[in-house]
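The structure appears below as structure tokens.
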Amino acid sequence: MSSYSDPEGKIICDYQYTLEQAISDKVCRKPKLVLVDNEQLQYTSPDERKSYSSIQALFKEQKVSYSSILEDSDALAHILKLSADKLHSIRTTNHNAAGLIVASSVVHAKQIQSILNEQLKQSSLMVSYHDPNAQSIIEQFKNGHSPWIISIGMISEGTDIPRLQVCCHLSNIRTELYFRQVLGRILRITGGDNQEAWLYTFAEENLVKFAEEIEQDIPESYLYVKQPEENEVEAMQLLETGSSATVSTTVKSGEFKWNTNDTSVQIGNEDSILNRSLTLGNFRERVIEAFIGI
């Protein structure tokens, strides 16, 4: 039904209601995005010893995959604690406020739920497209008081749970459209006194870019008709089957163990585990506050 310019194939919009307008009209909350990073990284192998000031720099040289960080218990525990502390703060005012965690697979979601329940003493529900009663679980959460819901392939676009105010983006899918769909779950204004909206994710290159450009209402890439790239199609197919997926460059790696105590981290299979190591320094967080002037 849309009209397109010729020959560029650019969408001709009849009307655009922007996030900036929605915030001004008090329809949406102002988002705050927290990018979790780690500094003073040292990678050691038989051939080299190198330091990195961020996980993004490490990813660029394909030393460690993003999936490995998402699945590491210490990295998860850190970002989940940040999120849980923020939600606890919001719930002191809005007693029914809740958080959404977007997981990459059912196994990943169970790992996250274990950390929430056992380490952080947070109750949670889990919903997956595998569940025949998924919509019932979502409705139960929407109308209930549970602080957290962990989603695998659910609760993205078109799901309205206004009490959501905190989100952890821990999916392997890293496209701008998906990022904005996930962010949108926590932006709905309610009648509560506290209208904060916080999204937490790791400082991966694409996610940093998307966070920095959140004030750009319709990115230029949205305005053109183009075929999805092969790796994007593959990622969505994997998501539908419950497997982990990434739409950016993937790298081969073995086990990755994240440790916050400046200890050696082992990467690789059993044959090479003594020859390669990664030492991590302290965590740091960068907060991006959008639409400050509104």
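The values are calculated or read from the model by the stated rules, or taken from the named source; none is laboratory data. Every value quoted in this text rests on a predicted model; they were computed, and no experiment measured them. A quick note on method: Cβ atoms are made from the backbone with ideal geometry, for glycine too, and the neighbour counts reach across all protein chains shown.
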Within the stretch 125-154, residues hydroxyl-bearing (Ser, Thr, Tyr) and surrounded by fewer than 21 Cβ atoms within 10 Å (Cβ to Cβ) come out as SER128, TYR129, SER136, SER146
Per the filter on the stretch 9-54, residues surrounded by 17 or more Cβ atoms within 10 Å (Cβ to Cβ) and aromatic (Phe, Trp, Tyr) are TYR43, TYR52
Subset of the stretch 165-201, residues assigned to a strand (DSSP E or B) and either of a type in the set (Ser, Thr, Tyr) or modelled with pLDDT of 95 or more (or both), comes to GLN165, VAL166, CYS167, CYS168, HIS169, ALA197, TRP198, LEU199, TYR200, THR201
Please verify whether THR190 is farther than 25 Å from GLU213 by Cα, among the hydroxyl-bearing types (Ser, Thr, Tyr) and in contact with a Pro (Cβ under 9 Å, 6 or more places away or on another chain), treating the condition exactly as stated. yes
If you check SER114 against the conditions, is it surrounded by fewer than 17 Cβ atoms within 10 Å (Cβ to Cβ) and part of a loop (DSSP other than H, G, I, E, B)? no
**Item:** Yes/no for SER123 being over 20 Å from PHE179 (Cα atoms) and of a type in the set (Ser, Thr, Tyr)
**Value:** yes
Note on the stretch 145-159: residues in contact with a strand residue (DSSP E or B) (Cβ under 7 Å, 6 or more places away or on another chain) and closer than 12 Å to LEU100 by Cα are SER146, PRO147, TRP148, ILE149, ILE150, SER151, ILE152, MET154, ILE155
The strands (runs of 3 or more DSSP E) lying entirely within the stretch 1-88 that contain at least 3 residues which are more than 30 Å from ARG188 (Cα to Cα) are 41-44, 49-52
Subset of the stretch 89-110, residues part of a helix (DSSP H, G or I) and surrounded by 16 or more Cβ atoms within 10 Å (Cβ to Cβ), comes to ILE90, ARG91, VAL106, HIS108, ALA109
- request: Would you confirm whether any residue within the stretch 125-134 is part of a loop (DSSP other than H, G, I, E, B), touching a strand residue (DSSP E or B) at 6+ places or on another chain (Cβ under 6 Å) and either without any contact (Cβ under 8 Å) to a residue 60 or more places away in the chain or over 16 Å from ALA103 (Cα atoms) (or both)?
  value: no
